[in-house]
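Just below is one structure, and these are the notes that go with it.
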Amino acid sequence: MFDDTDRRILRQLQGDPGISTAQLAERAGLNPATCWRRLEGLRERGVLRGAHAVINWRALGYSVEVSLRVTLDKTVPQAFADFAARAREIPEVLEIQTFLGQVDVRLGLIARDLAHYQDLYRDKILTLPHISDLEALMHIARIKTDETVPL
Amino acid sequence: MNPDGVDLDDVDRALLRALSEDAGLSASVLGKRVGLSQPAAWRRVQRLEKAGILAGARLDLDLAALGFGVTVFLGVKLGTKGRVSLADFERAVSAIPEVQTVEHVLGLYDYRLRVTARDIADFERVLRRRIMTLPGVGNVDANVMLSEERLRGPL
């Protein structure tokens with residue numbers, strides 16, 4: 001389904017998602033028409049779903065970032081769905097992941113400062129349904145963030 | 001106004017919302033969405049980039065279709081704190097291609113890693129050969145991701 005040309009295109013695109021098709025073609029060593037056709041093919045097959053702008057929340061005044069690792073009460077059949085539905089309503093929640101392991105759900109949460117975090121934690125997080133255990137990891141620094149895969 | 005002095009109005013917020021859905025939107029499409037001319041929309045986007053608020057783009061790929069079926073979040077505790085240089089660990093862990101993100105955290109673990117692999121067997125190879133052999137690695141806790149949602153945030 002994928003050949004080396006597709007991989008080459010995606011590798012270049014991963015490194016620089018904002019690149020123009022002409023530049024991409026040049027870097028992948030293709031002529032622009034071929035490159036464009038390949039991109040269309042990747043989109044049609046649903047492999048390339050698009051690109052999302054990355055917002056630097058720190059620049060918008062959100063200086064606190066926390067990973068909340070949640071264990072849910074699994075005796076409640078709807079625990080995951082109820083929890084996720086309510087978590088989605090909190091604007092400061094940026095990510096919701098579910099897991100197989102010790103942790104059931106992780107929430108990526110931002111806050112303006114520690115006082116704001118404390119308010120969010122008390123009023124919005126602790127009131128989420130079916131939590132049996134909760135632990136927080138405070139982010140200090142991002143060391144690597146490119147989120148690329150080795151194609 | 002927020003503490004960093006970057007003032008956003010409703011139009012800026014609408015632009016950020018639109019671009020976080022689709023970073024590839026042209027200035028003319030963006031302008032139409034938020035009720036601005038193309039040059040005005042372009043100037044706004046430039047301003048958001050200059051202020052460091054728009055920080056590039058993230059490609060949305062179907063990783064499973066590309067053969068990366070497994071994503072694992074690892075909590076890593078450094079075993080010999082004080083004796084191992086954090087910089088050495090960070091450099092070595094960042095060089096592993098399967099490691100997508102590295103975050104220094106405060107809490108039960110020292111680092112949070114997002115690792116992608118072809119399957120569980122491949123993940124085990126990465127874990128044993130590359131991560132467990134890093135300088136200073138102590139306790140490691142692994143959680144295999146089942147689903148992920150990204151939300152647009154407080155805009």
Determine which single condition A:Gln97 fails, assuming it passes every other condition in (1) in contact with a Lys or Arg (Cβ under 8 Å, 6 or more places away or on another chain); (2) in a loop (DSSP other than H, G, I, E, B).
-> (2)
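Being under 21 Å from the mean Cα position of the chain (by Cα), within 14 Å of A:Ile55 (Cβ to Cβ) and surrounded by fewer than 17 Cβ atoms within 10 Å (Cβ to Cβ) narrows it down to one of B:Ala18, B:Ala65, B:Ala23, B:Ala55, so name that one.
Details: B:Ala18 fails: surrounded by fewer than 17 Cβ atoms within 10 Å (Cβ to Cβ); B:Ala65 fails: within 14 Å of A:Ile55 (Cβ to Cβ); B:Ala23 fails: surrounded by fewer than 17 Cβ atoms within 10 Å (Cβ to Cβ).
Exactly one of B:Ala18, B:Ala65, B:Ala23, B:Ala55 is under 21 Å from the mean Cα position of the chain (by Cα), within 14 Å of A:Ile55 (Cβ to Cβ) and surrounded by fewer than 17 Cβ atoms within 10 Å (Cβ to Cβ), namely B:Ala55.
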Got at least one residue in region A:72-93 being surrounded by 15 or more Cβ atoms within 10 Å (Cβ to Cβ) and at the interface with another protein chain (Cβ under 7 Å from one of its Cβ atoms)?
-> yes
Pair list, Cβ < 8 Å and 6+ apart or interchain, from region A:76-104 residues that are under 10 Å from A:Leu128 (Cα atoms) to residues that are among the polar types (S, T, N, Q) = A:Ala84/A:Thr98
Can you tell which of A:Leu60, A:Leu42, A:Leu72, A:Leu48 is touching a residue at least 60 places away in the same chain (Cβ under 8 Å) and either out of contact with any Lys or Arg (no Cβ under 6 Å at 6 or more places or on another chain) or under 28 Å from A:Glu135 (Cβ atoms) (or both)?
-> A:Leu72
Out of region B:107-126, which residues are in contact (Cβ under 8 Å) with a residue 24 or more places away in the chain, in contact with a Leu (Cβ under 8 Å, 6 or more places away or on another chain) and not in a strand (DSSP E or B)?
-> B:Leu108, B:Tyr109, B:Asp110
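Given the residues A:Leu120, A:Leu128, which is the only one that is within 13 Å of chain B (Cβ to nearest Cβ), outside any strand (DSSP E or B) and touching a residue at least 24 places away in the same chain (Cβ under 8 Å)? Explain how you work it out, then say what you get.
On the way: A:Leu128 fails: within 13 Å of chain B (Cβ to nearest Cβ).
So the residue among A:Leu120, A:Leu128 that is within 13 Å of chain B (Cβ to nearest Cβ), outside any strand (DSSP E or B) and touching a residue at least 24 places away in the same chain (Cβ under 8 Å) is A:Leu120.
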Of the residues that sit in region A:51-64 and are crowded, with 20+ Cβ neighbours inside 10 Å, more than 14 Å from the chain's Cα centre (by Cα) and not in a helix (DSSP H, G or I), which one is nearest to the other protein chains (Cβ to nearest Cβ)?
-> A:Tyr62
Tell me, which helices (runs of 4 or more DSSP H) lie completely within region B:8-95 with 3 or more residues that are away from chain A (no Cβ under 14 Å)?
-> B:27-34, B:38-50
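A short reminder: the numbers here are calculations on the coordinates, not readings from a lab. Remember, predicted model here, so these are calculated numbers, not experimental data. Positions of Cβ are generated from backbone atoms using ideal geometry, with glycine treated the same way; all protein chains shown enter the neighbour counts.
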